[in-house]
C-alpha cells in the first residue's frame with residue numbers, strides 16, 4: 001500500500017477539465033433507453049409515462065423505437081436533469097444511459 | 001389474481017390461496033438484480049463519469065433498502081390481505097403501486113440475469129433445477145406485473 005496519496009486531478013488541469021465540461025453542458029446530454037428482451041412493452045410504456053409525464057401515444061412511440069431500433073434517445077437535457085432521468089429509469093430497471101451530445 | 005374494485009385511493013385484487021402463496025414467494029426473492037447491472041454510461045470516460053456512477057450506485061442501494069422496508073410494512077399490514085370466503089382480497093394503496101411494480105420488475109430482470117441474460121427467453125422449463133427456479137420466478141413476476149398494469153390501464157382506456 002502506498003504511503004502517499006496521488007491527487008486524482010492534477011491542479012494544472014483543472015481549467016481544461018472545466019472548459020470541456022462547460023462545452024459538454026452547452027451541447028447537452030442525451031438520455032438513451034436500450035432494448036432488452038425481458039422488459040414488457042406495456043411496462044416500458046408505463047415507465048416513460050411516469051418518468052417524463054408523457055401522454056401514452058408519445059410513450060408508445062419511444063417504446064417502439066427501443067423495441068424496433070434497439071434504442072431510443074428519450075430527451076436532451078442539462079447534465080443534472082439527464083442524471084435525474086437516468087436515475088429514475090434505472091429505478092424501474094430499464095437499461096438507460098446518458099451520453100454527451102456530439 | 002384479478003382486479004375486483006378500485007377508487008381514487010386504492011385498488012383491490014382477488015387471489016386464491018395458491019396465488020397469494022406464489023406472490024409472497026416472488027416478493028420474497030427481492031432484490032435480485034446485481035448492483036453492477038446498472039450502468040450510467042456505456043463508456044465511462046473520466047473521473048466525473050465514475051463519480052456519477054458512484055452516485056447512481058448509492059441512490060439504487062438506498063432505493064433497495066427503502067423497498068425492503070416498504071415491502072415488510074405492506075406484507076405485515078393486516079389491511080393488505082383479508083380472507084373473504086375461500087379467497088383472499090389484497091388491497092393496495094395507489095401510492096404502493098409503482099414501487100411494487102419496480103420490485104416485481106427487479107425480480108423479473110434479476111431472474112433473467114441469473115439465467116445468463118439470454119436474447120431468447122426460454123420457451124420450456126430448463127432441466128436444471130436452479131435454472132428452472134429462475135425461469136419460473138421471471139415468468140411469475142411478469143405475470144403479476146401485467147395484472148397490476150392491466151388494472152390501471154383499464155382505468156385510462158377509452
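At a glance:
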quantity	calculated
Length gained when the stretch residue B:86-residue B:4 is fully extended (0.36 nm per residue, less Cα-Cα span)	28.0 nm
Shape of the range B:36-158, Cα gyration tensor, a/c cut at 1.5	oblate
Residue order, fewest to most surrounding Cβ atoms within 10 angstrom, among A:91, A:84	A:84, A:91
Using alpha-carbon coordinates, inclination of helix B:129-156 to the longest axis of chain B, degrees	60 degrees
Ellipsoid equivalent to the protein assembly as shown - semi-axes via the Cα gyration tensor, in Å	37, 21, 19
Centroid-to-centroid separation of the range A:59-102 and the range B:116-151 [C-alpha atoms, Å]	25 Å
Footprinting exposure proxy for B:86, A:75 (fewest neighbouring C-beta atoms within 10 Å first)	B:86, A:75
Residues B:111, B:16, A:72, sorted so that the one with the fewest Cβ neighbours within 10 Å comes first	B:16, A:72, B:111
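Taken together, the values in this text are just the output of simple stated rules run on the coordinates, not laboratory data. Everything numeric in this text was worked out from a predicted model, so none of it was measured. A quick note on method: Cβ atoms are made from the backbone with ideal geometry, for glycine too, and the neighbour counts reach across all protein chains shown.
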